[in-house]
């Protein structure tokens, strides 16, 4: 019974961690675009977005990442046989990639908090999709486990990446035609 409670808590914090990782690049995009505006909008928006980012990052995203990890380690301790399964090794590789993504987001967050804008909004829109790809990979691995054909899995992930990039290009064209979109 304890196992199911731990699993439920792990899943809750997976969801909230990803929520933070999905939203923080959006805030980065808005900060970059606000920085291109004239005063006083530039300062007003910049301060508000920096505050929103700080609250999201330190109140939701970081605690969720830590609690998700604690509960995941607890689950693996309760079911160590999972560490012998191939799908779990691949899943943990994607989780490691997610930690690198989180770390890079933290680096970008700190730069933005200092008023350093090193990326374009388009680069951030592309960056925003990395978490989506990781989420798809992990969910399909967990649900399908050993029944997943790796060739189709890789092709599906590649296809999703292509669709996301096409969506970003399409949205760029929409914004060029209608800047308020």
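The values are calculated or read from the model by the stated rules, or taken from the named source; none is laboratory data. These numbers come from a predicted model, not from an experiment. Glycine also receives a Cβ, built like all others from the backbone with ideal geometry; neighbour counts cover every protein chain displayed.
Within the range 78-120, the only residue that satisfies the criterion of being in contact (Cβ under 8 Å) with a residue 60 or more places away in the chain, over 26 Å from residue 10 (Cβ atoms) and exposed (fewer than 12 other Cβ atoms within 10 Å of the Cβ) is 115. Take residue 161 and decide whether it is within 20 Å of the chain's Cα centre (by Cα), in a helix (DSSP H, G or I), at pLDDT below 85 and more than 27 Å from residue 51 (Cβ to Cβ). Considered against the rule, which asks whether it is within 20 Å of the chain's Cα centre (by Cα), in a helix (DSSP H, G or I), at pLDDT below 85 and more than 27 Å from residue 51 (Cβ to Cβ), residue 161 comes out as yes. The condition of being farther than 25 Å from residue 137 by Cα and either in a helix (DSSP H, G or I) or modelled with pLDDT under 95 (or both) holds for only one of 72, 34, 65, that being 34. Being in contact (Cβ under 8 Å) with a residue 12 or more places away in the chain, touching a helix residue (DSSP H, G or I) at 6+ places or on another chain (Cβ under 6 Å) and farther than 30 Å from residue 33 by Cβ holds for only one residue in 67, 164, and it is 67. When every residue of the range 42-57 is checked against the conditions, none turns out to be touching a residue at least 24 places away in the same chain (Cβ under 8 Å), outside any helix (DSSP H, G or I) and surrounded by 12 or more Cβ atoms within 10 Å (Cβ to Cβ).
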